[in-house]
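Novice: Dropping the structure in here first, questions after.
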Amino acid sequence: MKCVYCGKEYNEGGTTVAVSNGTFDVCSNECKKQVREYLNKDMQYKNRSYIMIFCGSIGFILSTFIFSGTYKLVPMYLGMIVMGLGLAIYPYIFSNFLTFTHYPIKKATLVVRIIGALVIVLSLFFLGATFLGA
């Protein structure tokens, strides 16, 4: 069996955790506790994550249809920063818990946070290049 939280393969000593769409295997009571903690944060912060991603996408719309000239892409870069912050702070973007049967919670959360940080860094780079190059 494979732990839904840490991804560790195990044969004995595991337990299960029940969530809204099924029962999943965990390797220890500590991982079970971490899954419960993740679920609580997911329920509490998922909407914030989606709102920040949506607000970030507004920057794309503004850059495409409203702004023009040298600083046309500035709203897009600012939106990308908001989107990256949403991913880094609230990495609760998965709508289905079954995702974690292939990618454990711990690993998926880390990957989402890294992607958020990369989006922020790239956006800051392009934003700086816009102002320094203009």
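Read the figures in this text as sums done on the coordinates, not as results from a lab. Bear in mind the structure is a predicted one, so any value in this text is a computation, not a measurement. No Cβ is skipped: glycine too gets one built from the backbone with ideal geometry, and neighbour counts run over all protein chains shown.
Novice: State to the nearest 20 debye the size of the charge dipole of the range 1-98 about its Cα centre, where the only charges are +1 on K and R beta carbons and -1 on D and E beta carbons. Before the final figure, lay out the partial values.
Specialist: Values: 9 positive and 6 negative charges, 55 e Å.
With Lys and Arg at +1 and Asp and Glu at -1, about 260 debye.
Novice: Name the residue farthest towards the positive end of the dipole of the chain from the options Thr23, Ser123, Val74, assuming +1 on Cβ of Lys and Arg, -1 on Cβ of Asp and Glu, about the Cα centre.
Specialist: Comparing the listed Cα positions along the dipole, Val74 ranks first.
Novice: Grab the DSSP H runs of the chain that are 4 residues or longer, score each as -39,500 (n - 2.57), total them, divide by all residues and round the 222 nm result to the nearest 500 deg cm²/dmol. Let's see the in-between values first.
Specialist: Details: 3 runs with 82 residues, N = 134.
One gets -22000 deg cm²/dmol as the mean residue ellipticity at 222 nm.
Novice: Give me the net charge for the shell around Ser49: Cβ to Cβ below 13 angstrom, other residues only, Lys and Arg +1, Asp and Glu -1. Walk me through the numbers on the way to the answer.
Specialist: Details: positive: Lys41, Lys46, Arg48, Arg113; negative: Asp42.
Local net charge: +3.
Novice: To test your reading of the geometry: what angle, between 0 and 90 degrees and rounded to tens, separates the Cα axis of helix 74-89 from the longest principal axis of the chain?
Specialist: The helix 74-89 is inclined about 20 degrees to the chain.
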